[in-house]
Amino acid sequence: MKRYERIAQDIAVMIRNGTLSTGERVPSMRQLRRDRSISPGTVRRAYELLQERGYIEALPRSGFYVTSYWQTAPPGPGTSQPRTRSTSPDVADLIFLVLEAMREPQLVPFGSAFPSPTLFPLAQLGRQLGETARHLDPRSTVEYLPPGSIALRRQIALRYQRFGVDVVPEEIIITAGGLEAINLSLRSVTRPGDVVAVESPAFYGYLQAIETFGLRAFEIPTHPRSGVDLDCLAAILKRHPVRACCLMTTFQNPLGALMPDEQKSRLVKLLGAHEIPLIEDDVYSELFFGIERPRPAKAFDHKGMVLHCNSFSKCLAPGYRVGWVAAGRFARTVERRKAVSTIATAVPVQEAISAYLRRSAYERHLRSLRRALQEQQRCMLQSIQAHFPGGYRVTRPAGGYVLWVELPSPIDGSQLHRIAVEHGISLAPGPIFSPRREFHHCIRLNYGHPWNAKLEEAMRTLGNLICELTAGSQERSSGERQ
Ligand SMILES: Cc1ncc(COP(=O)(O)O)c(C=O)c1O
């Protein structure tokens, strides 16, 4: 990290943790120069970066102030309190029903699991794919059996090195997207009947896999900002036979939680002490709004116990279905599972992505994608504030493209989902993120699409529907009381 980036990051942390609050003046450029013995150019660039990221704004002839953006949203939801027993998830049918609605192209895609395809360099990638396919070595069809293209695995390993994680190409297995990486990992470290610890709420993909493989889910209380509660996890591991953990430590789906580094390190130590593998799903980590890419828990793993799953679906090439797992000591087992399940990942797309990663265009694309998502998050939060009735709580993640909204309690998220679809709007209702179909009063909203009048109007409609449902359920409960 460059010096000005480090300084900007320190100030951003002070803003995020409340040391510097809304409207407060940040140290003047002169003061910072003196305190840190740095050049005027370094301070100027640090402040420019903070302005660009929306943390501070300049008031003419007065100085720099913390913007209201980071503080004005209503308070976020609290830590979840799931039941303290494992369960066989019974949610796959409901998930398929909701996913089908998400696929309808005419619906406003607040329920979608992807950002808008218009935010990706698909034309460039398409040209690269054509070029690569024309020059493909015919032997590659045999040589790229699992673990996959060595050129791509090298590029991926280089990116790990860049953010300080020691991963070698030999432990990487290329998969058909992040979900296959997670499924192969789960099957490599568990047997039917085993218990898998997941967040509460959890990404529905894990719940589907756990249900399909005959596993049991143990939900761990999870804070929307800092992720799973490690004290609870430690207590659970003492009393229950948890075989594996499947977690997102960075921009968790659906909460957006980002575990601080110390907690990631503690998590790895805790699981390592119990010899429990961690399947770490990191598909949103490139979509950070801060100054630096958050490090995964894998960065703290010295025993090869973390299976780090990732993919290009959310950050570069949706539809190409290329992902990977850096599987540590489980690499050979995962490799065999991959060979048995799909033989290999499509060769031309592996080569095209590998060629694209060698160009500086990737970093430029990521920067503009992050800027777009951050701006879209701001628009959606403002829109929620304008159109939703009071009493809701919403998360404000530091990356990714989903928000988690807790509605005033009598509202049923699944009913809202049904009615919203009738009004041409998709959303992801809370119960699909829970093995017991809980979180009824919660919804996940996708802000991955460039903001426009149609989206704003859909938010207004959603707000009205929530008002109507809230009023209806209040009338019913007062009728029942009389
Ligand atoms: C949290 C999370 N993990 C994994 C996946 C799957 O990624 P891919 O599309 O690369 O299979 C998704 C996709 O929605 C996701 O949201």
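Of the conditions (1) in a loop (DSSP other than H, G, I, E, B); (2) near the ligand (Cβ under 10 Å from one of its atoms), C309 clears all except one; give me its number.
(1)
Scan segment 154-205 for residues that are among the small types (G, A, S) and either free of Cβ contacts under 8 Å to residues at least 12 places away in the same chain or more than 12 Å from the ligand (Cβ to nearest atom) (or both) and report the count.
As a first pass, look at segment 154-205 and keep what is among the small types (G, A, S): 157, 164, 176-178, 181, 185, 188, 193, 197, 200, 202, 205.
Then drop every residue that is not either free of Cβ contacts under 8 Å to residues at least 12 places away in the same chain or more than 12 Å from the ligand (Cβ to nearest atom) (or both), which leaves 157, 164, 188, 193, 197, 200.
Summing the residues that are among the small types (G, A, S) and either free of Cβ contacts under 8 Å to residues at least 12 places away in the same chain or more than 12 Å from the ligand (Cβ to nearest atom) (or both) in segment 154-205 gives 6.
Checking S414 against (1) within 24 Å of the chain's Cα centre (by Cα); (2) among the small types (G, A, S); (3) farther than 26 Å from F312 by Cα; (4) crowded, with 23+ Cβ neighbours inside 10 Å, which test does it fail?
Failed condition: (4).
Residue-wise test of (1) closer than 21 Å to R243 by Cβ; (2) in contact (Cβ under 8 Å) with a residue 60 or more places away in the chain; (3) within 16 Å of the ligand (Cβ to nearest atom); (4) small (G, A, S).
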residue: H302; (1), (2), (3), (4): no, no, no, no
residue: L316; (1), (2), (3), (4): no, yes, yes, no
residue: G319; (1), (2), (3), (4): no, yes, yes, yes
residue: A326; (1), (2), (3), (4): yes, yes, yes, yes
residue: R329; (1), (2), (3), (4): yes, no, no, no
residue: S341; (1), (2), (3), (4): yes, yes, yes, yes
residue: P348; (1), (2), (3), (4): no, yes, no, no
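Based on this model, can you work out whether F289 counts as within 23 Å of L247 (Cβ to Cβ), surrounded by fewer than 24 Cβ atoms within 10 Å (Cβ to Cβ), aromatic (F, W, Y) and touching a residue at least 60 places away in the same chain (Cβ under 8 Å)?
Numbers: within 23 Å of L247 (Cβ to Cβ): yes; surrounded by fewer than 24 Cβ atoms within 10 Å (Cβ to Cβ): yes; aromatic (F, W, Y): yes; touching a residue at least 60 places away in the same chain (Cβ under 8 Å): yes.
Yes; evaluated as a whole, the condition is true for this residue.
When you scan segment 410-419, do you find a residue that is out of contact with any strand residue (DSSP E or B) (no Cβ under 6 Å at 6 or more places or on another chain) and under 29 Å from G290 (Cβ atoms), even just one?
So far as segment 410-419 goes, no, none of its residues is out of contact with any strand residue (DSSP E or B) (no Cβ under 6 Å at 6 or more places or on another chain) and under 29 Å from G290 (Cβ atoms).
Looking only at residues in segment 187-212 that are assigned to a loop (DSSP other than H, G, I, E, B) and in contact with a strand residue (DSSP E or B) (Cβ under 9 Å, 6 or more places away or on another chain), which one is surrounded by the most Cβ atoms within 10 Å (Cβ to Cβ)?
The selected residue is A202.
Hand me the list of helices (runs of 4 or more DSSP H) wholly inside segment 316-431 holding 1 or more residues that are within 30 Å of K298 (Cβ to Cβ).
331-342, 347-357, 361-387
What is the residue count in segment 213-247 for residues that are among the basic types (K, R), buried (at least 18 other Cβ atoms within 10 Å of the Cβ) and either at pLDDT below 95 or part of a loop (DSSP other than H, G, I, E, B) (or both)?
Looking only at that region, the number is 1.
Looking at segment 425-471, which of the residues that are basic (K, R) and more than 25 Å from I95 (Cβ to Cβ) is surrounded by the most Cβ atoms within 10 Å (Cβ to Cβ)?
Looking only at segment 425-471, we keep the residues that are basic (K, R), and these are 436-437, 444, 454, 460.
Next, only the ones that are more than 25 Å from I95 (Cβ to Cβ) stay: 454, 460.
Details: K454: 11, R460: 14.
Here the answer is R460.
The values are calculated or read from the model by the stated rules, or taken from the named source; none is laboratory data. The structure displayed is predicted, hence computed values, not measured ones. Glycine also receives a Cβ, built like all others from the backbone with ideal geometry; neighbour counts cover every protein chain displayed.
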